[in-house]
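Read through the structure below, which is laid out as structure tokens, and then see the notes.
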Amino acid sequence: MAIRAADSIFETLIDAIMAGQMVPGEPLVEQTLAEQFGVSRTPVREALHRLEQARLAERGARRAFVVRRMAPEDLAELFEATGEIESTLAALAAKRMSEIERRKLETVLDEGDACDDPATYSEINSRFHEIIKSGARNSILAATLDELNLRTLAWRAANFREDSRRLESSRVEHRGITQAILSQDADTTRRKMCSHVASSFIVLSDILARRAPEQRAPKF
């Protein structure tokens, strides 16, 4: 029960941070959040530690948690690293995926094409990328991507929620990646995946730039 509560609190706080409802430097007080969510402090503490791992929270004065400030260049480097690792995995997947995995990828691609709900599409998007990661057959690179995804997937989800155009562009990019994988074209797959992750960062940058001055990218 505590684990499920921590999951729910973690996801709710991520949504609030991504939507700009909780600004950088804002305190994340255990007792206040426990009262807000109607739970004990234990699942709140777990959720805050996970936010820290995801680099969305940091320790402030007296070791209390606050919403993390991230410089624009830090976010750019994070997405750049993610793009390099994920594009390498995608290139490997183009050569190593089984026929069953290729068919699963096409099925998930079709689900994404038929979906207009941002939250549902975000889940489909995660499955799309997971199939490719698994198909690469490299556990070390996969573990590295998992750590980076912990820090970037929330930002990518914000793209779908806050910019309706991102759903369509993501679908187009997914189809290009899938076609390259089905053709077993590793070089094209690598290039298209790297471009796909870069596009997510560009959309995110636009979202942050449109927010109120106190919530813009320089404070993140």
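Grab the chain and count how many Lys pairs have their alpha-carbon atoms under 24 Å apart, sequence gap of 8 or more, or different chains.
6
How large is ³J(HN,Hα), in whole Hz, for each residue of the range 124-139 in order, when computed from phi with the Karplus curve 6.51 cos²θ - 1.76 cosθ + 1.60 and θ = phi - 60°, using x for Gly and Pro?
Result, rounded to whole Hz: 5, 4, 4, 5, 4, 5, 5, 4, 5, 4, 5, x, 6, 6, 9, 5.
For the chain, build the charge dipole from Cβ charges (+1 Lys, Arg; -1 Asp, Glu) around the Cα centre, then report which of ILE207, SER183, VAL66 sits farthest towards its positive end.
VAL66
Give the long-range amide H neighbours of PHE65: residues separated by 5 or more places, or on another chain, with amide H under 5 Å away, using H modelled in the peptide plane at 1.01 Å from N.
LEU28, GLY60
Tell me, what is the FRET efficiency for ASP185 and ALA76 to the nearest 0.05, using R0 = 41 angstrom and their Cβ-Cβ distance as r? Display every interim value, and only then the final one.
On the way: r = 28 Å, r/R0 = 0.68.
Given R0 = 41 Å and the Cβ-Cβ separation, E is 0.90.
Once phi is turned into θ = phi - 60°, what whole-Hz ³J(HN,Hα) does the Karplus curve with 6.51, -1.76 and 1.60 give for every residue of the range 49-59, x standing for Gly and Pro?
The phi angles translate into 5, 5, 4, 5, 4, 7, 6, 9, 9, 8, 7 Hz.
To the nearest 20 debye, what is the magnitude of the charge dipole of the range 108-220 about its Cα centre, counting +1 on the Cβ of each Lys and Arg and -1 on the Cβ of each Asp and Glu?
With only Lys, Arg, Asp and Glu charged at Cβ, the dipole is about 440 debye.
Send over the semi-axes of the range 113-216's equivalent ellipsoid, whole angstrom and largest first, taken as the square roots of 5 times the C-alpha gyration tensor eigenvalues.
Working: eigenvalues 121, 52, 33 Å².
In descending order, the three semi-axes are 25, 16, 13 Å.
Using label points projected 7 Å from each Cα along Cα→Cβ, tell me how many nm separate GLN53 and SER126, to one decimal.
Here the answer is 1.4 nm between the modelled labels.
Work out the length of the dipole vector of the range 18-68 about its Cα centre, built from +1 on the beta-carbon of each Lys and Arg and -1 on the beta-carbon of each Asp and Glu, and round it to the nearest 20 debye. Mind showing how you got there, number by number?
Numbers: 8 positive and 6 negative charges, 41 e Å.
Roughly 200 debye, rounded to the nearest 20.
Run the accessible area of the range 6-160 with a 1.4 Å probe and give the carbon-and-sulfur part as a rounded percent. Don't skip to the answer; put the middle values down first.
Values: 3650 of 7320 Å².
Ligands and nucleic acids excluded, carbon and sulfur give 50 percent.
What does the accessible area per residue of the range 10-133 come to in Å², with a 1.4 Å probe and no ligands, DNA or RNA counted? Kindly include the intermediate steps, with their values, before the conclusion.
Working: 6110 Å² over 124 residues.
I get 49 Å² per residue for this part.
Find which of PRO43, THR107, PHE79 sits farthest along the positive direction of the dipole of the range 31-113, computed with +1 on the beta-carbon of Lys and Arg, -1 on that of Asp and Glu, about the Cα centre.
PRO43
Here are labelled values, (i) 1.17; (ii) 1.00; (iii) 0.94, and one is the computed Rg/Rh (Cα atoms, Kirkwood Rh) for what I pasted. Which one?
For Rg/Rh (Cα atoms, Kirkwood Rh), the calculated option is (ii).
The values are calculated or read from the model by the stated rules, or taken from the named source; none is laboratory data. Not measured: the values here are computed from a predicted model. Positions of Cβ are backbone-derived with ideal geometry, glycine not excepted, and every protein chain shown enters the neighbour counts. The area values use the complete protein model at the heavy-atom level, side chains included, leaving out ligands, DNA and RNA. Shrake-Rupley method; radii C 1.70, N 1.55, O 1.52, S 1.80 Å.
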